[in-house]
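Report on the following structure.
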Amino acid sequence: NNLRDGMEFDHALYEAGRSRFRAIFLTSITTIAGLAPLMLETSRQAQFLIPMAISIAYGIGFATLLTLVMLPLFLSFSNKMKVSTKWLATGNSISKEEVERAIKEQKEEIELDGQLAQPYNGRENYGTEDTEEVSEDPLELEVKE
């Protein structure tokens, strides 16, 4: 969404991570904190549940690191690969934003809006040599025999 608003790729990636950091981090910390009493329990009954609690806590911690650190790095690397591939294919200098899906979709929408804005004469013309004039007024119906 930030790319569609005109941000540069690196700044959009930074802002996306910054805006989601608090929610992801707090959710992970509260879940791990909720499992802490079970992990620290010493009773004989809790001994069966402690391995499960430890597994869940470490899994959530690892997933949080993947989401907050590795995902932005992967997105940046992926973008660099797309830019390099496009440069090798075309030989033209390509910006980081041009290869992203959001920008490509935005350009397609603009092209479609431009095509839809062209006047439509109410009939399909498949290359026939029909030169009959069509009225500019869509409400004017003319029946020819």
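The values are calculated or read from the model by the stated rules, or taken from the named source; none is laboratory data. The structure presented is a predicted model; accordingly, all values stated were derived computationally and were not measured. Side chains included, ligands, DNA and RNA excluded: accessible areas come from the protein's heavy atoms. Shrake-Rupley method; radii C 1.70, N 1.55, O 1.52, S 1.80 Å.
Residue ranking by accessible heavy-atom surface, 1.4 Å probe, largest first, among 15, 111, 105 comes out as 111, 105, 15. Extension gain for the segment residue 94 to residue 31, taken as residue separation times 0.36 nm less the Cα-Cα distance, is 18.3 nm to one decimal. Per-residue accessible area (protein heavy atoms, 1.4 Å probe) orders 50, 29 as 29, 50, starting from the largest.
Nonpolar atom fraction for the range 52-96, defined as the carbon and sulfur part of the 1.4 Å probe accessible area, stands at 75 percent.
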